[in-house]
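Structure first, then comments.
The values are calculated or read from the model by the stated rules, or taken from the named source; none is laboratory data. Because the structure is predicted, anything quoted here is derived from the model rather than measured. Here Cβ is always computed from backbone atoms with ideal geometry, including for glycine, and neighbour counts include all displayed protein chains.
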Amino acid sequence: MKDFRIQGNERYTTYVSLLEEFDDAYKVVIKKVGESSTREKTEMLSKHLLELCIRTGYMSEINQSQIQLA
């Protein structure tokens, strides 16, 4: 589906990848990439919150190739 980068913390970069779409939410993988580690978890994210994050610039869409691995 789509991949996003979250603006923010300088110690690590956070990515959100949409896995599955439901009526009012998405199943997503949230990946935090730091200098020496990568943490990953699966969550549900409401469509309203996703749209708000994109509209305010908190999240921006990226290509899969832009995701950095530790």
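Looking across the stretch 22-42 at every residue that is loosely packed, with under 12 Cβ neighbours inside 10 Å and farther than 16 Å from GLN64 by Cβ, the one that is modelled with the lowest pLDDT is identified as GLU35.
Scanning the stretch 51-70 for residues that are assigned to a helix (DSSP H, G or I) and modelled with pLDDT under 95, we see that the one that is surrounded by the fewest Cβ atoms within 10 Å (Cβ to Cβ) is SER65. For the stretch 36-50, a residue qualifies if it is of a type in the set (S, T, N, Q) and assigned to a strand (DSSP E or B), and the qualifying residues are THR38, THR42, SER46.
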